[in-house]
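The next block holds one structure in the form of structure tokens; read it before the comments.
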Amino acid sequence: MPRVRAVFRFFSAVSSVIFLACTPRACDMKSTSAQSPLPAEPSGSVNNETSPSASASTPSSAPLVDARKVLVFLGDSLTAGYELPSEQAFPARVAARIEKDASLDPHWRVVNAGVSGDTSRGGLERLDWLFRSQPAFVFVCLGANDGLRGIAVAETERNLNSILARLKEKGVPTALAGMRMPSNYGPEYTKSFAELFPRVAEAAGVPYFPFLVEGVSLEPRYTLADGIHPNAAGADLIADRVFPFLRPLLPHGP
């Protein structure tokens, strides 16, 4: 079927582009006024040569004093906005929608904590750094690179469970996005991988957002030339789906 072949082509390309071209050494975290930076990693922390997120650059400037609450998107290159200006990454597009919504009070400061090439383990190791921004809500969008590298589903599940558990310990409301793998990874792995995300979300009692790039990954008009990462239109489409999901989870005004 054409759709099945398209899925196969898409994820075959993913394994070569996200895993190879978008390693942390090749792709930088992005941040602009629409996406406030987290504090820089201190020397000797997880941002070192042995970390899975080792060479991903982090903003060097501390955030300005800001009374708004912090909404953090914790993810990989799909979140970081690979090869896009930072204001076009989907977290920035969500931020633009929040700013236009007068019913949201107080308005939120959005932090794009996407690191290209990151895995669930890398996200777990970055939590201490992330907590320095005092997040009021975290949207976890990790796991794609785990699947592409064939990391055991049980390991990815442990990492995601640990991430959500630590966020809960800190009293930070959280939501989890799902991811899928192509059929060429084998039916058993593909099924197990897809099923781990809703299971983790249910166990942690957090809202679940199925397949972050639904409607984008199979559409050339919504992706870069690599056929994988969202272009500006694709990021807008993701924001169109993510914002109404997150909106009722954020505090509203009277």
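The values are calculated or read from the model by the stated rules, or taken from the named source; none is laboratory data. Bear in mind that the values here come from a model prediction, so they are computed numbers and not experimental data. Cβ sites come from the backbone with ideal geometry, for glycine too, and all protein chains shown count toward neighbours.
Counting only residues that are outside any loop (DSSP other than H, G, I, E, B), touching a Phe, Trp or Tyr at 6+ places or on another chain (Cβ under 9 Å) and among the β-branched types (V, I, T), how many does the range 156-174 have?
2
Given the conditions (1) in a helix (DSSP H, G or I); (2) within 22 Å of P248 (Cβ to Cβ), which single one is not true for L74?
(1)
Let's see how each residue does on (1) outside any loop (DSSP other than H, G, I, E, B); (2) surrounded by 22 or more Cβ atoms within 10 Å (Cβ to Cβ); (3) among the hydrophobic types (A, V, I, L, M, F, W, C):
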position: N145; (1), (2), (3): yes, yes, no
position: L176; (1), (2), (3): yes, yes, yes
position: M181; (1), (2), (3): no, yes, yes
position: F193; (1), (2), (3): yes, yes, yes
position: E214; (1), (2), (3): no, no, no
position: D226; (1), (2), (3): no, no, no
position: A235; (1), (2), (3): yes, yes, yes
position: V242; (1), (2), (3): yes, yes, yes
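I need the full set of residues from the range 134-159 which are touching a Ser or Thr at 6+ places or on another chain (Cβ under 8 Å), of a type outside the set (A, V, I, L, M, F, W, C) and more than 28 Å from T190 (Cα to Cα), in order please.
Scanning the range 134-159 gives no hits.
Taking R221, is it within 20 Å of T79 (Cα to Cα), without any contact (Cβ under 8 Å) to a residue 24 or more places away in the chain and more than 16 Å from the chain's Cα centre (by Cα)?
yes
Being more than 14 Å from the chain's Cα centre (by Cα), outside any helix (DSSP H, G or I) and at pLDDT 95 or above narrows it down to one of P135, P59, P63, so name that one.
Result: P135 is the single residue among P135, P59, P63 that is more than 14 Å from the chain's Cα centre (by Cα), outside any helix (DSSP H, G or I) and at pLDDT 95 or above.
Of the residues that sit in the range 99-132 and are part of a helix (DSSP H, G or I) and aromatic (F, W, Y), which one is surrounded by the fewest Cβ atoms within 10 Å (Cβ to Cβ)?
F131
Please state which one of V206, V200 is assigned to a helix (DSSP H, G or I) and not small (G, A, S).
V200
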